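What follows is a single structure, written as structure tokens, with notes after it.
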Amino acid sequence: MADIQNGDSCSSSPLELFERVTAQGEKVRSLKAGKASTEEIDAAVKLLLSLKVTYKTATGQDYKAGSPPVDFSPVSNNGPITTQDEDFVDPWTVQTSNAKGVDYDKLIVRFGSSKIDKELINRIERVTGKTPHRFLRRGIFFSHRDMNQILDAYENKKPFYLYTGRGPSSEAMHVGHLIPFIFTKWLQEIFNVPLVIQLTDDEKYLWKDLTIERAYEYAIENAKDIIACGFDINKTFIFSDLDYLGMSSGYYKNVVKVQKHVTFNQVKGIFGFTDSDCIGKISFPAIQAAPSFSSSFPQIFKDKKDIQCLIPCAIDQDPYFRMTRDVAPRIGYLKPALLHSVFFPALQGAQTKMSASDPNTSIFLTDTPKQIKTKINKHAFSGGKDTIEEHRKYGGNCEVDVSYMYLTFFLEDDDKLEQMKQAYTSGALLTGELKKVLIETLQPLIAAHQQRRKQITDEMVKQFMTPRKLAFDF
């Protein structure tokens, strides 16, 4: 990471200053973790303190990690996070007018998170002794909050746990829904830590035209797909909000603590709720926040309240956890750390996320090999030229080609991916040939998932979803 110079701080906006302080703080932590020289660390700390003074002068408030200036971080349906009025990002809607997709560098600045840079990836590899996951190598997980704290804890043999989730809005999941679970499974394996997976069937009942019974049915069906990803039953607890909230006093107590410390005005500012929204929506963010605290799971962590949480999720979920991180110190808990992923594009292009309600935008986990082939050939947006002659002459554009984008998620071989990028960009590889590679990559992947899912019985789901002690002693 380049040194942050102080010379132009006076002309920077409060948000830019906030991002500079955040980045410099990350650098200081990295230098200390890497056992840099005393002189280098002292110089970095001196610059950090100077930036904090400048920030306070510009905003009238002390710098607070994870809490950008409030006027610069609203997330709502009426005034969502946008990047130069091009991108619309909130927990329910993601839209962009750019065929390349959302501008994630600008989103990092808006959200006040930190970029996952080469230095952090190298540290993960050094600490774990494992090759970084392709999602890290390729920038699919691109942003974080306090990941260095998690690595510090791991190096010092302090425990932490993983928390991720799924909003069960349909019976069938699509390949985009697998991304956080593929990565979370890898994290669990390399760090050997407990994992809790929240199924927000209550949220889907509140937001969608679903009965409570149907929302719960979707949760159970989605749990089967999640289990089919290969999670270890001895290290993983999956729970439905509709079930677990009534079982766990620890969970409900934490929900109430969060509710008490977030005002209606704050939740309106964060999520864009209006006076006509039902009170269930207004109170729901506390339910998604509570699993960030270990005392919500006494069967796993006993009475431990100081075990930090790491949350892998898509960046549209960050507003929930910005709120959580703001509340945590006020109720005596550690702030959760986060790893943010990019959005998985629709077949029609990166302008929107895939939709579980529109079968033509998605490759579903229930699709047959023939359906996969047809969808990709018919609907996958191409970055190629209109004719073979033009394509051979000018080449294709991998930045907007959906088949190439999908391969960055699912093709493990870095060298092969780079070769295809060069061939497609030069015009040597045609769109149809690129689509063929994607079809041949996804068909066996989804067939294998379907085969594993067939082995998941209702009894196995019940075991995963039963509150119990896991294979860890706390």
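The values are calculated or read from the model by the stated rules, or taken from the named source; none is laboratory data. Quick caveat, the model's predicted, so the values are computed rather than measured. Here the Cβ is made from the backbone with ideal geometry for all residues, glycine too, and neighbour counts use every protein chain on show. These area figures cover heavy atoms from the full protein model, side chains too; ligands, DNA and RNA do not enter into them. Shrake-Rupley method; radii C 1.70, N 1.55, O 1.52, S 1.80 Å.
Pick from Ile182, Ile150: which is of a type outside the set (Phe, Trp, Tyr), part of a helix (DSSP H, G or I) and open to solvent by less than 10 Å² (accessible area, probe 1.4 Å)?
So the residue among Ile182, Ile150 that is of a type outside the set (Phe, Trp, Tyr), part of a helix (DSSP H, G or I) and open to solvent by less than 10 Å² (accessible area, probe 1.4 Å) is Ile150.
Of all residues being aliphatic (A, V, I, L, M) and without any contact (Cβ under 8 Å) to a residue 24 or more places away in the chain in segment 274-292, which is most open to solvent (accessible area, probe 1.4 Å)? Just the residue, please.
Ile279
Filter segment 195-217 for residues that are assigned to a helix (DSSP H, G or I) and open to solvent by 40 Å² or more (accessible area, probe 1.4 Å) and give the result.
Hits for segment 195-217 are Tyr205, Leu206, Trp207, Ile212, Glu213, Arg214, Tyr216, Glu217.
What number goes with the only condition from (1) out of contact with any Ser or Thr (no Cβ under 6 Å at 6 or more places or on another chain); (2) within 26 Å of His174 (Cα to Cα) that Thr431 does not pass?
In the conditions (1) out of contact with any Ser or Thr (no Cβ under 6 Å at 6 or more places or on another chain); (2) within 26 Å of His174 (Cα to Cα), Thr431 misses (1) alone.
Output the helices (runs of 4 or more DSSP H) that fall wholly within segment 293-396 and possess 1 or more residues being open to solvent by 20 Å² or more (accessible area, probe 1.4 Å) and closer than 30 Å to Asp473 by Cβ, or say none.
298-301
If Asp415 passes every condition in (1) under 29 Å from the mean Cα position of the chain (by Cα); (2) open to solvent by 30 Å² or more (accessible area, probe 1.4 Å); (3) modelled with pLDDT of 95 or more; (4) within 24 Å of Ser170 (Cα to Cα) but one, which one does it miss?
(4)
Which of the residues that make up segment 185-194 are open to solvent by 20 Å² or more (accessible area, probe 1.4 Å) and either small (Gly, Ala, Ser) or assigned to a loop (DSSP other than H, G, I, E, B) (or both)?
Asn192
Could you identify the single residue in Phe135, Phe142 that is at pLDDT 95 or above, open to solvent by 10 Å² or more (accessible area, probe 1.4 Å) and not in a loop (DSSP other than H, G, I, E, B)?
Going through Phe135, Phe142 in turn, just one is at pLDDT 95 or above, open to solvent by 10 Å² or more (accessible area, probe 1.4 Å) and not in a loop (DSSP other than H, G, I, E, B): Phe142.
Can you find, within segment 111-122, the residue that is modelled with the lowest pLDDT among those that are surrounded by 19 or more Cβ atoms within 10 Å (Cβ to Cβ) and part of a helix (DSSP H, G or I)?
Here the answer is Phe111.
Can you confirm whether segment 155-178 contains a residue that is part of a helix (DSSP H, G or I), open to solvent by 30 Å² or more (accessible area, probe 1.4 Å) and within 29 Å of Gln24 (Cβ to Cβ)?
Yes - at least one qualifying residue is present in segment 155-178.
Condition first: in a helix (DSSP H, G or I), touching a residue at least 12 places away in the same chain (Cβ under 8 Å) and more than 14 Å from Ile238 (Cα to Cα). Now tell me which residues in segment 448-474 satisfy that.
If the condition is that a residue be in a helix (DSSP H, G or I), touching a residue at least 12 places away in the same chain (Cβ under 8 Å) and more than 14 Å from Ile238 (Cα to Cα), then His449, Gln450, Arg452, Arg453 are the ones that fit.
Report yes if some residue within segment 204-216 is within 20 Å of Phe293 (Cα to Cα) and out of contact with any strand residue (DSSP E or B) (no Cβ under 6 Å at 6 or more places or on another chain); otherwise report no.
no
Quickly run through segment 397-406 and pick out the residues that are of a type in the set (D, E, K, R) and either farther than 15 Å from Gly432 by Cα or assigned to a helix (DSSP H, G or I) (or both).
Matches in segment 397-406: Glu399 only.
Can you pull out the residues in segment 223-247 that are without any contact (Cβ under 8 Å) to a residue 60 or more places away in the chain and not in a loop (DSSP other than H, G, I, E, B)?
Asp241, Leu242
Within segment 261-273, count every residue that is touching a residue at least 40 places away in the same chain (Cβ under 8 Å) and open to solvent by 20 Å² or more (accessible area, probe 1.4 Å).
Within segment 261-273, residues that are touching a residue at least 40 places away in the same chain (Cβ under 8 Å) and open to solvent by 20 Å² or more (accessible area, probe 1.4 Å) number 6.
Give the residues of segment 256-279 that are within 25 Å of the chain's Cα centre (by Cα), modelled with pLDDT under 95 and part of a helix (DSSP H, G or I), sorted by residue number.
Passing the criteria: Gln266, Val267, Lys268, Gly269, Ile270, Phe271.
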